[in-house]
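Notes to accompany the following structure.
Throughout, read-outs are computed from the coordinates displayed, never taken from laboratory work. Note that this is a predicted model, so its numbers are computed, not measured. Note that each Cβ is placed from the backbone with ideal geometry, even for glycine, and that neighbours are counted across all protein chains shown.
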Amino acid sequence: MTDLERAIEAIAEVRQRIASAQRFKGYSAIAAAASAVFAFVTGIVQALIDPLPATPHEGRLFFALWFICSAASIVVNYGAIAHWFAGDVSARERWQTRTVGLSILPAIVFGGILSFALLHGDALRFVPAVWCGAYGVGLFASRMMVPGGVVYVAAGFVLAGMALAFAPPEVALAWWPMTVAFGLGQSCIAALIVRERGGSWQ
């Protein structure tokens, strides 16, 4: 091995250690898994009572179902972050908690406001695209503090959002796109967190 190769290897090791130190340990695999369950349950409920919204009333029902799912997921995940913040003992960990909590929040808030605007403007078909895209952007914003593999999940959400933006209403508003995107996406995030912690769900 040449001196240059040894230097490159040493730099890579230092970067890996820095990235590991920056990783936020307050993300909850249980909260991510719960969010996946919420998405799967919501998808099943929609499939049973509103599989393909075709009237304004059905569209509002679709929006209400997924808004409740989103709100429940936000409460669970931010509740986990708040619990970690309450138990933090170091200034660095408290700084990390605040940074993580705020990094994804603008994307979520903007996505929520835009969703209500689309609902008001009878453009409900674009809501799934906005939610997937906004969440993907939020994950990218916090990529330095989450397990490395989450960046691929973020890319998946963004690509799903782009695809749904051009999908016909009978696809975008069907019961399965949001179910697959958020159910599988949150399941992957939970699995990545567990893997990073050596199989622990804590």
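Reported to the nearest whole Å, the Cα centre-to-centre distance from segment 37-62 to segment 127-147 is 23.
For the pair Ala163 and Ala123, a Förster radius of 22 Å applied to the C-beta separation gives a FRET efficiency near 0.80, rounded to the nearest 0.05.
Phi-derived couplings, Karplus 6.51 cos²θ - 1.76 cosθ + 1.60 at θ = phi - 60°, listed residue by residue for segment 106-114: x, 5, 5, 5, 4, x, x, 5, 5 Hz, with x used for Gly and Pro. Here the simple spin-label model places points 7 Å from the Cα toward Cβ, and for Ala82 and Leu48 these points are separated by 3.0 nm.
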